[in-house]
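Comments concern the structure below.
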Amino acid sequence: MAANIIPSIDNKLVVIDAQPLDQNPAAVYLASLTPSGRRSQDNALRTIAQILTGVGDWRAVPWAALRFAHTAAIRQRLAAAYAPATANRVICALRGVLKAAWRLGQIDAGDYARAAVIAPVNGYRLPAGRELSQGEITALMSNCESDPRPAGARDGAIIALMYAGGLRREEVIKLDLEDYTPQEGRLIVIGKRNKQRTVYLVNGAARAMADWLAVRGDQPGPLFLAINKGGQLGAERMTTQAIYNMLARRADLAGVRKFSPHDLRRTFVSDLLDAGADIATVAKMAGHSSVTTTARYDRRPEAAKAKAAGLLHVPYHGRGFEG
């Protein structure tokens, strides 16, 4: 097949009939990932498929036919169209599929080694998202406290947990009742790459969780349960989309400017660093493998730059100035 594939990506690769999933390198690669990683890298592979074939379907890409000319051209397209972090995430997916093709015996070691040597895309972009103010956190919690329905207690506990514990929404929905020890305020969280960490809930966060547990009851199962349209508790685990929708709804009710679920995690890190917590400790609390990742959330350098900018005086008074 490789001899019939031309290296120019302007001339798209020929779309092939879908292979059995256990023989498709992309499917094998995706199957090796966690559910959250699988969603992200599935989109990455669709991006590559669009570049290669003009059709955003990774199942129809002749992955084993890719050579250095193809991967170099893919990198060039990604560097021109995407932020460095996004481009490098897609490149990571590409390397993973090539490795799967080699392990499946569909590409020899030499061709694999040459195709997989893809230089990272350099550059830096300011982090997306925003931090919430204390006033906004207070407004969200007040809205939940004033809601007498089960959803009020549940949503208040989730928001408190995501802010005070820095949990990702994928981590929230995986929690079971047995993961929480109320006497100690200790919660065992399973994060990315199946890594466990301990989160401690104190003061208002512990009270919010206690109110939810009084409503939920002590039956085993998911810590946070779905609630039906009639406002009754179900037995099903919440979904990440349900968390997203809940936060959007509470923001609207509380008059809080739109924010993403990850913005609560960003606020958790920023507020701890602002309060003087050691960055290494914060990294462990957030489940970051490196303090470099934690430092990306640190807003103190931006505050210092804003303060420094005020040290200079620009002698301009506006066109309406008299005197």
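The residues on offer are ALA100, ALA139, ALA115, ALA160, and the sole one that is in contact with a Cys (Cβ under 9 Å, 6 or more places away or on another chain) and either among the aromatic types (Phe, Trp, Tyr) or part of a helix (DSSP H, G or I) (or both) is ALA160. The set of residues in the range 266-323 being free of Cβ contacts under 8 Å to residues at least 24 places away in the same chain and of a type in the set (Asp, Glu) consists of ASP278, GLU302, GLU322. Checked against the criterion of being out of contact with any helix residue (DSSP H, G or I) (no Cβ under 7 Å at 6 or more places or on another chain), aliphatic (A, V, I, L, M) and surrounded by 13 or more Cβ atoms within 10 Å (Cβ to Cβ), the candidates LEU104, LEU177, LEU98 yield just one match: LEU177.
Considering the conditions (1) within 30 Å of ASP271 (Cβ to Cβ); (2) part of a helix (DSSP H, G or I), CYS92 is excluded by exactly one of them, (1). The residues on offer are ARG266, ARG237, and the sole one that is closer than 20 Å to GLU171 by Cβ, assigned by TED's automatic domain parsing to the domain that holds ALA160 and touching a strand residue (DSSP E or B) at 6+ places or on another chain (Cβ under 6 Å) is ARG237. Of the helices (runs of 4 or more DSSP H) lying entirely inside the range 205-311, the ones with 2 or more residues being closer than 15 Å to ARG154 by Cβ and at pLDDT 90 or above are found at 240-254. Just to be sure, is ARG197 over 14 Å from PRO222 (Cβ atoms), in contact (Cβ under 8 Å) with a residue 12 or more places away in the chain, surrounded by fewer than 13 Cβ atoms within 10 Å (Cβ to Cβ) and not hydrophobic (A, V, I, L, M, F, W, C)? No; evaluated as a whole, the condition is false for this residue.
Taking the criterion of being modelled with pLDDT under 95 and of a type in the set (Gly, Ala, Ser), the residues of the range 32-48 that qualify are SER32, SER36, GLY37, SER40.
The values are calculated or read from the model by the stated rules, or taken from the named source; none is laboratory data. From a predicted model like this one, the values you see are computed outputs, not experimental measurements. In this analysis, Cβ positions are derived from the backbone assuming ideal geometry, glycine residues included, and neighbour counts consider all displayed protein chains.
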